[in-house]
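Working notes for the structure below.
The values are calculated or read from the model by the stated rules, or taken from the named source; none is laboratory data. Model, not experiment: these values are computed from the prediction. In this analysis, Cβ positions are derived from the backbone assuming ideal geometry, glycine residues included, and neighbour counts consider all displayed protein chains. When the accessible area is computed, the model is the full protein with side chains, heavy atoms only, and any ligands, DNA or RNA have been set aside. Shrake-Rupley method; radii C 1.70, N 1.55, O 1.52, S 1.80 Å.
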Amino acid sequence: MGERFGKGCHLHLIDGSAFIFRAYHALPPLTRKSDGLPVGAVAGFCNMLWRYVQTDDGHTAPTHAAVIFDHSSKTFRNEIYPAYKAQRPEPPEDLHPQFPLTRDATRAFNIACIETEGYEADDIIAAMACAARNAGGTATIISSDKDLMQLIGDGVDMLDPIKNKLIGPDEVFEKFGVGPDRVVDVQALAGDAVDNVPGAPGIGIKTAGPADPGIRRSGDAAVARRGDQAAQAPPDPDRACRPDPHQQAPGAAGLRYAAGRDAGVP
């Protein structure tokens, strides 16, 4: 963040890896005529970034911005649980040579380009969002990744770039049945088939909150925001920034990492 980031500053954190894959699947294959290098994903990525730059104004405009990338498919979570994301295929062969070009393109837009070996883009985004909040500023996460919804609140929000829709606590409750500071608990119970993380048998996202007595007793999940009848315990905005003392071996509540600080991002 540097010394200049603080009160009155607004940080935009763009999920660059999500942009790349969305661009790759949205456009037909394109190659550079001179040498046949695949560039379709790069072209789509640049179009998305240019659209972001062109429309990024008004009272929500950032004072700081960064595009965050996954460094590779292997992270510290694979050391804890080798089956983590093991079912996912490797990126398409014609996408591999485009990864470094998207980094070059980001720098050409004069936007910070950040990735860290051993960590996912989610971890870096979460750590930087927490740092922005702790410095007295605000942050907007430009992503539709549900794993980042645990960070929403107290100066941090999300913008779904596909729907161009802001995601706040109400949208989080609609999806998970709990507030943002209980999302990690719900995901621990429900698991995540996309990441090959098992959950408790018979429990899904919509039933995990009501199924866990600990979440019910906490108050802020059982009586989450519901219009005029909403009555909710004070949220804990730093929950996603702290180590989880109940971390277990992989299983029903395994890989129970809140994104960000407890991932140990440098």
Flagged in the stretch 165-184 as over 16 Å from the mean Cα position of the chain (by Cα) and in a helix (DSSP H, G or I), in numbering order, are ASP170, PHE173, GLU174
Restricting attention to the stretch 36-51, the residues that are open to solvent by 30 Å² or more (accessible area, probe 1.4 Å) and within 19 Å of ARG107 (Cα to Cα) number exactly 6
All-but-one check, GLN187 against (1) of a type outside the set (Ser, Thr, Tyr); (2) at pLDDT below 90; (3) in a loop (DSSP other than H, G, I, E, B), failing number (3)
VAL39 vs (1) in contact (Cβ under 8 Å) with a residue 24 or more places away in the chain; (2) under 23 Å from the mean Cα position of the chain (by Cα): all pass except (2)
* Asked: So is SER72 of a type in the set (Gly, Ala, Ser), without any contact (Cβ under 8 Å) to a residue 60 or more places away in the chain, out of contact with any His (no Cβ under 9 Å at 6 or more places or on another chain) and open to solvent by less than 60 Å² (accessible area, probe 1.4 Å) or not?
  -> yes
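Out of ILE80, ILE20, report the one residue that is within 22 Å of SER144 (Cα to Cα) and among the β-branched types (Val, Ile, Thr).
The match here is ILE20.
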Quiz prompt | Check on ALA83, touching a helix residue (DSSP H, G or I) at 6+ places or on another chain (Cβ under 7 Å), open to solvent by less than 40 Å² (accessible area, probe 1.4 Å) and either among the small types (Gly, Ala, Ser) or part of a loop (DSSP other than H, G, I, E, B) (or both) | solution = no
Residue count, the stretch 49-72, condition of a type in the set (Val, Ile, Thr), at pLDDT below 95 and within 19 Å of the chain's Cα centre (by Cα), comes to 0
Within the stretch 52-66, of all residues that are within 16 Å of ALA105 (Cα to Cα) and of a type in the set (A, V, I, L, M, F, W, C), the one surrounded by the most Cβ atoms within 10 Å (Cβ to Cβ) is ALA65
Restricted to the stretch 110-164 and to residues being part of a strand (DSSP E or B), of a type in the set (A, V, I, L, M, F, W, C) and in contact (Cβ under 8 Å) with a residue 40 or more places away in the chain, the residue surrounded by the fewest Cβ atoms within 10 Å (Cβ to Cβ) is ALA112
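Look at the stretch 93-108 and say how many of its residues are of a type in the set (A, V, I, L, M, F, W, C), over 17 Å from ARG22 (Cβ atoms) and in contact (Cβ under 8 Å) with a residue 40 or more places away in the chain.
Residues meeting the conditions: 0.
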Check your understanding: Within the bounds of the stretch 86-104, is there any residue that is within 30 Å of ASN134 (Cβ to Cβ), touching a Pro at 6+ places or on another chain (Cβ under 8 Å) and either part of a strand (DSSP E or B) or open to solvent by 20 Å² or more (accessible area, probe 1.4 Å) (or both)?
Key -> no
query = Just wondering, is there one or more residues in the stretch 9-24 that are at pLDDT below 90 and over 25 Å from GLY118 (Cβ atoms)?
reply = no
